[in-house]
Amino acid sequence: MEIKAVRFKQNGFYTQPMVLGGEEGPEKYDPQIRYGGAMTNYLIDTGDEVILVDTGLPAGAPDEAPDETSIGYLGETVAEYMDSFAALGYKPEQVTKILLTHKHNDHSGELKSFPNAKIYVNEDELGADELQGIDNIVPVSFTDGAYYNFPACQKIADGIYYIKAKGHTNGNSIVIVELDGLFYMIHGDITYTDEALYANKLSIVFEDMAAARETLDRVREFIRNHPTVYVSTHCARGPKNLEEKLVVDLDNPPAPDIVEVDFSAFKTTGKYVCSICGYIYDPAEHDGVAFEDLPDDWKCPRCKQSKDKFNKA
């Protein structure tokens, strides 16, 4: 069995208030500190099956143009998700299963591109707009009992477990792969960066704070008791953790990945992109109403986050 990275964005960032301020409030942290971000999904080749964990942004999604006030930035496009997938040497028809960590568009964008795949989705996510019109969804009710200290899981294949992890969304899930004595924990947004894992902090983005805290506590307890490689979607360190088989040591965190950003390099189009779920606000699709003219209490139609979570595109 082999786990491979599907990389499609790089040189992104997340501010310290976004990464660490979920419980204490973002005002407790320094918005000038930005941690490195990226976007990477993962492929598991068992030898018998090709299994994906999430499917990136949809083709054609515009790059963001963040400014000094942006709390996060998904990063510049390395390649479209499907091109990065193909570069690994696979064809869409080979994919047998997709394990969705959660509904947001930056994780579910290319679900329809894999005609032979069964798409495993926490049953609590089935009503999401992003999942409508997709016929090959398998609702998961986690009937295989506990997985160590996690109360509910579904065994997908030998050594591959889909685990209920409510918090970031109400149907959030994680994937753990057991391989050569290590536990690879592949997740969407349990934390946006590894700094939050080591600091034991929630991000500011969740649908259920109490559940998000419980999930992070369980993640950290699991890591303390099992040699775990923490494989993230948004953290720039995710692919390195995977490639170098870096086992988390919660008592000895690595130096923070703090980045400098040249905001003058970004060009704008009039569109805006949600830095949380990837939703694109295009004035042409909203009777020409500019994003700036939307009311202050306007929310993202997909993830219900506020206007300040959007970046220019």
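The values are calculated or read from the model by the stated rules, or taken from the named source; none is laboratory data. Quick caveat: nothing in here was measured; it's all calculated off a predicted structure. Here the Cβ is made from the backbone with ideal geometry for all residues, glycine too, and neighbour counts use every protein chain on show.
Identify all residues within segment 81-116 that are more than 18 Å from the chain's Cα centre (by Cα) and among the small types (Gly, Ala, Ser); write none if there are none.
86, 87, 89, 113
Would you point out which residue out of 30, 63 is in contact (Cβ under 8 Å) with a residue 24 or more places away in the chain and either more than 19 Å from residue 277 (Cα to Cα) or part of a loop (DSSP other than H, G, I, E, B) (or both)?
On inspection, the qualifying residue turns out to be 63.
If we scan segment 118-127, do we find a residue that is touching a residue at least 24 places away in the same chain (Cβ under 8 Å), of a type in the set (Phe, Trp, Tyr) and more than 30 Å from residue 21 (Cα to Cα)?
Looking through segment 118-127, at least one residue is touching a residue at least 24 places away in the same chain (Cβ under 8 Å), of a type in the set (Phe, Trp, Tyr) and more than 30 Å from residue 21 (Cα to Cα).
Would segment 3-20 turn up any residue that is in contact (Cβ under 8 Å) with a residue 24 or more places away in the chain, part of a loop (DSSP other than H, G, I, E, B), surrounded by fewer than 24 Cβ atoms within 10 Å (Cβ to Cβ) and over 14 Å from the mean Cα position of the chain (by Cα)?
Looking for residues that are in contact (Cβ under 8 Å) with a residue 24 or more places away in the chain, part of a loop (DSSP other than H, G, I, E, B), surrounded by fewer than 24 Cβ atoms within 10 Å (Cβ to Cβ) and over 14 Å from the mean Cα position of the chain (by Cα), one finds none in segment 3-20, hence no.
Quick one: count up the residues across segment 273-310 that are of a type in the set (Phe, Trp, Tyr) and over 17 Å from the mean Cα position of the chain (by Cα).
Qualifying residue count, segment 273-310: 3.
Across segment 21-37, which residue is nearest to residue 106 (Cα to Cα) among those that are within 16 Å of the chain's Cα centre (by Cα) and crowded, with 24+ Cβ neighbours inside 10 Å?
So the residue we want is 37.
Being surrounded by 21 or more Cβ atoms within 10 Å (Cβ to Cβ) and either touching a helix residue (DSSP H, G or I) at 6+ places or on another chain (Cβ under 8 Å) or free of Cβ contacts under 8 Å to residues at least 60 places away in the same chain (or both): is that true of residue 85 here?
It is true that residue 85 is surrounded by 21 or more Cβ atoms within 10 Å (Cβ to Cβ) and either touching a helix residue (DSSP H, G or I) at 6+ places or on another chain (Cβ under 8 Å) or free of Cβ contacts under 8 Å to residues at least 60 places away in the same chain (or both).
Kindly list the number of the only condition in (1) out of contact with any helix residue (DSSP H, G or I) (no Cβ under 7 Å at 6 or more places or on another chain); (2) under 24 Å from residue 152 (Cβ atoms) that fails for residue 228.
So the condition that residue 228 fails would be (1).
Checking the condition charged (D, E, K, R), touching a residue at least 40 places away in the same chain (Cβ under 8 Å), assigned by TED's automatic domain parsing to the domain that holds residue 233 and within 19 Å of residue 54 (Cβ to Cβ), which residue from 207, 221, 214 passes?
Result: 207 is the single residue among 207, 221, 214 that is charged (D, E, K, R), touching a residue at least 40 places away in the same chain (Cβ under 8 Å), assigned by TED's automatic domain parsing to the domain that holds residue 233 and within 19 Å of residue 54 (Cβ to Cβ).
Check 121, 138 and return the single one that is of a type in the set (A, V, I, L, M), part of a strand (DSSP E or B) and surrounded by fewer than 20 Cβ atoms within 10 Å (Cβ to Cβ).
Matching residue, one of 121, 138: 138.
Scan segment 284-313 residue by residue and report those that are crowded, with 17+ Cβ neighbours inside 10 Å, of a type outside the set (Phe, Trp, Tyr) and part of a helix (DSSP H, G or I).
Those that are crowded, with 17+ Cβ neighbours inside 10 Å, of a type outside the set (Phe, Trp, Tyr) and part of a helix (DSSP H, G or I): 307, 309.
Do the conditions hold for residue 151, that is, is it touching a Pro at 6+ places or on another chain (Cβ under 8 Å) and not β-branched (Val, Ile, Thr)?
Answer is no for this residue.
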